[in-house]
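Trainee: One structure, as structure tokens, below. Some questions next.
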Amino acid sequence: MTVLLWQYGFLTRYNYLTAKIDSWRDQARIVQVGIPNFNYGVPVISLNEKYGFHQSNTGCIVTKPELRGIDSYNAEIEKYLNKKNGKNWRKKYQAELDYLIKNKLTE
């Protein structure tokens, strides 16, 4: 049983259950794997908080079970954010992020 839980990422920080808990606590995160795209500052952090999430990066080295857990976590958080912000929230978020990047306001 433990091996099965491990294989599906339930014994890692990010998984389906922790996504549910983070959603209930309004502490949602969008988890990225790999090298971060940008080093965002306070304006982007504020934008993320406006839409109800924080960004986390796990680095480049993750196991397959960790990756399955992260995928499951992000899928549940996406459902939570769609419910909280509406289905088209990503377009609005991206437009605001593009504005910050274009005007060099990200740091």
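The values are calculated or read from the model by the stated rules, or taken from the named source; none is laboratory data. Given the structure is predicted, the values throughout are model-derived calculations rather than measurements. When we count neighbours, we look across all protein chains shown, and the Cβ atoms used for this are built from the backbone with ideal geometry, even at glycine. In case anyone asks, the SASA skips ligands and DNA or RNA and just uses the protein heavy atoms, side chains included. Shrake-Rupley method; radii C 1.70, N 1.55, O 1.52, S 1.80 Å.
Trainee: Which residues, counting only those in segment 60-84, are more than 16 Å from residue 22 (Cα to Cα), in a helix (DSSP H, G or I), open to solvent by 40 Å² or more (accessible area, probe 1.4 Å) and not acidic (Asp, Glu)?
Mentor: Initial filter on segment 60-84 (more than 16 Å from residue 22 (Cα to Cα)): 60-68.
Retained after the next criterion (residues that are in a helix (DSSP H, G or I)): 64-68.
Still in the running and open to solvent by 40 Å² or more (accessible area, probe 1.4 Å): 64, 66-68.
Result: 64, 67, 68.
Trainee: Could you list, in sequence order, the residues of segment 49-59 that are closer than 12 Å to residue 89 by Cβ and over 9 Å from the mean Cα position of the chain (by Cα)? Break it down into steps so the answer makes sense when it comes.
Mentor: From segment 49-59, those closer than 12 Å to residue 89 by Cβ are 50-53; that's our starting set.
Within segment 49-59, 50, 51, 52 meet the criteria.
Trainee: Taking the stated definitions as given, is residue 57 free of Cβ contacts under 8 Å to residues at least 24 places away in the same chain and either in contact with a strand residue (DSSP E or B) (Cβ under 6 Å, 6 or more places away or on another chain) or open to solvent by 20 Å² or more (accessible area, probe 1.4 Å) (or both)? Walk me through it before giving the result.
Mentor: Details: free of Cβ contacts under 8 Å to residues at least 24 places away in the same chain: no; either in contact with a strand residue (DSSP E or B) (Cβ under 6 Å, 6 or more places away or on another chain) or open to solvent by 20 Å² or more (accessible area, probe 1.4 Å) (or both): yes.
No, not satisfied.
Trainee: Any residue in segment 61-78 that's among the polar types (S, T, N, Q): show its pairings with residues that are part of a helix (DSSP H, G or I) and modelled with pLDDT of 90 or more at Cβ separation under 6 Å, as long as the two are six or more apart or on different chains.
Mentor: Filtered contacts from segment 61-78: 72/16.
Trainee: Looking at residue 98, is it modelled with pLDDT of 90 or more, open to solvent by 60 Å² or more (accessible area, probe 1.4 Å) and not in a loop (DSSP other than H, G, I, E, B)? It would help to see each step written out before you state the result.
Mentor: Working: modelled with pLDDT of 90 or more: yes; open to solvent by 60 Å² or more (accessible area, probe 1.4 Å): yes; not in a loop (DSSP other than H, G, I, E, B): yes.
Yes; evaluated as a whole, the condition is true for this residue.
Trainee: Go through segment 26-39 and give me each residue that's outside any loop (DSSP other than H, G, I, E, B) and surrounded by 12 or more Cβ atoms within 10 Å (Cβ to Cβ). It would help to see each step written out before you state the result.
Mentor: Narrowing segment 26-39 to residues outside any loop (DSSP other than H, G, I, E, B): 29-32, 34.
Residues satisfying the conditions are 29, 30, 31, 32.
Trainee: To continue, here is another question. Out of everything in segment 40-54 that is hydrophobic (A, V, I, L, M, F, W, C) and open to solvent by less than 60 Å² (accessible area, probe 1.4 Å), what residue ends up being farthest from residue 84 (Cα to Cα)?
Mentor: Among those residues, the one meeting the criterion is 44.
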